[in-house]
Structures are given as structure tokens and as C-alpha cells.
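Scroll down for the structure; my scribbles are underneath it.
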Amino acid sequence: MSLKSLYLGAAALAAVLGAPSAFAQPAQNVILVHGALVDGSGWRGVYESLVAKGLKVTVVQEPNTSLADDVQAVHRAIEQQNGPVVLVGHSYGGQIITEAGVDPKVSALVYVAALVPNVGEGVGDLFEKWPSPTADAFKPTSDGFLLFDPGKFRAGFAADLSKAETDFMTDSQVPVSAKILGTKTQHVAWKTKPSYGIVAGQDMAISAEAERSMYERASAKVTEVPGASHAVYISHPREVADVIAEAASK
């Protein structure tokens, strides 16, 4: 299924319903979208904090096989919700929620140390504009996927987590399709939906400077987490959950 056909109905309905301010009630539903190389289990701390705040939380396990597949996985989760939804994306998950966020159920977007593309931009384009400090850490597989060099994973992805945690994350990586790097964004939800951005102060995968610049472009409300690694959602779950709860309350 193409991204164009996936969004045709959603975009048309969104145009009829208008801006997210039309929502009559705060969002009670939160959908958490992981990035490349990891799965949804890293959201556990954020999940528990949000549930304690009375929110209904869904953690997506997208396949990282293509942008279209990943966006479809998020739409599948949105379909199961009753009422407004806050979409939350980490890292490459930012591109996913930018696309999926045009769904009329989505009331707000939260970018967590995430990429925030504009129309016509892909992951590769963003890293050309804002080079990654660990660009040389990706290792290709013979079948067109990418993995993070095990020897560089902790320093590049999760320097503020314990060695035991990062050893497990290193050995349980989810390969990401290399073709995702060149897949262009077709729909941009942040142009019409309230957006929030979390900057990881010591991010070595996406630089903090890049995060600030992309969030500014999206007119996002920015929260800084000094000293946090790219895995800020694991190392600082309460701070991340507080931003998500704020987005849900509007």
C-alpha cells in the first residue's frame, strides 16, 4: 500500500474537521512509537508513568521494513482508540508520526530526541543538513538492512544507561531497512497539529543542535533534558512522560 493511498481518506476528513482545537476534550489516549534499531520495550518507564496519570497507552511495534509499513502499523493502533490521540515518536519515529499524524484522531505530536522532516525530506536528507555525530557507526547487512556497530552502541546511543542495559539493547537490535534513509516525507502533521519537542542534551545519534533546529522549524514547544543520551526516554522517563501528559491535557 502506498503512502498516498494510505492517507487519502484521512487527509480529506482532516480537512473537513479542521484544526486540532476542534477537539472538545483532552486526549486520553497516547501512542508510543519507537525508532530504528530498537523495539517498543524501551518505553516501559514512560508507559508506567503515563498509566499512573490515568492515560491509556499503546506501544507500537513497527517492523522498520519501510516507512509505509511503519506508518501503517501506527494507523492500525490509532484505529483502535476511542477519542483524541497524542502520537509520540523517538528518533526515526519522528518521521513516522509526522506522516501518521495527519489522521483526524491525532490531537498533538511529541518528538523525543526525534527527526522532524518537512515535505520532501527523508532521514538521509536530515542527516545531510545536520550530520550525526555517529554517522560512521552503522553497519550494512547483506540483504539491505542496517545495524549499529556493537562496539559503538553504548557511547553513541545510550551513554547514560548502565552497561547491563546497553549490552542487552546492543544484542537485541532490530535491523532497519536502508531504503528508509531515502524515503521522502509526503505528509506533515506538525503544520496543523500542536507539537512538542524533547532535546536530549548529550545526544550522540541526532545532535542536540539538530533537534533544536527541527523543533524550531515545527514551532514545537521545547523541553531540554541536560546530559541525556539519545535514549532519553529510557533514562529520563518521568520528564518525557510529563511532556506527553501536557500535550494530552490541551
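Any residue at all in the stretch 34-42 that is at pLDDT 95 or above and under 17 Å from S249 (Cβ atoms)?
Residues of the stretch 34-42 that are at pLDDT 95 or above, as a first pass: 34-42.
Checking the rest, the ones that are also under 17 Å from S249 (Cβ atoms) come to none.
No.
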Can you pull out every residue in the stretch 204-238 that is touching a Ser or Thr at 6+ places or on another chain (Cβ under 6 Å) and basic (K, R)? R238
Of the residues in the stretch 194-240, those that are touching a strand residue (DSSP E or B) at 6+ places or on another chain (Cβ under 9 Å), of a type in the set (A, V, I, L, M, F, W, C) and not in a loop (DSSP other than H, G, I, E, B) come to I198, V199, A200, A208, M214, V222, V225, V232, V240
Tell me yes or no: at least one residue of the stretch 187-204 is over 27 Å from V57 (Cα atoms) and at pLDDT 95 or above. yes
Residue that is surrounded by the fewest Cβ atoms within 10 Å (Cβ to Cβ) [pool: residues in the stretch 223-235 that are within 15 Å of G197 (Cβ to Cβ), under 16 Å from the mean Cα position of the chain (by Cα) and not hydrophobic (A, V, I, L, M, F, W, C)]: T223
Candidates D203, D171, D167 - the one that is of a type in the set (D, E) and in contact (Cβ under 8 Å) with a residue 60 or more places away in the chain: D203
Kindly indicate whether I244 is crowded, with 23+ Cβ neighbours inside 10 Å, closer than 30 Å to G120 by Cβ and touching a residue at least 12 places away in the same chain (Cβ under 8 Å). yes
Exactly one of G197, G227 is at positive phi and not hydrophobic (A, V, I, L, M, F, W, C), and that residue is G227
Every residue in the stretch 166-193 that is of a type in the set (G, A, S) and either within 18 Å of A248 (Cα to Cα) or not in a loop (DSSP other than H, G, I, E, B) (or both), please. S177, A178, G182, A189
Between A200, A205, which is surrounded by 21 or more Cβ atoms within 10 Å (Cβ to Cβ) and under 16 Å from Q95 (Cα atoms)? A205
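The values are calculated or read from the model by the stated rules, or taken from the named source; none is laboratory data. What you are looking at is a predicted structure, and each value in this text was computed from that prediction instead of being measured. Virtual Cβ from ideal backbone geometry, glycine too; neighbours counted across all protein chains shown.
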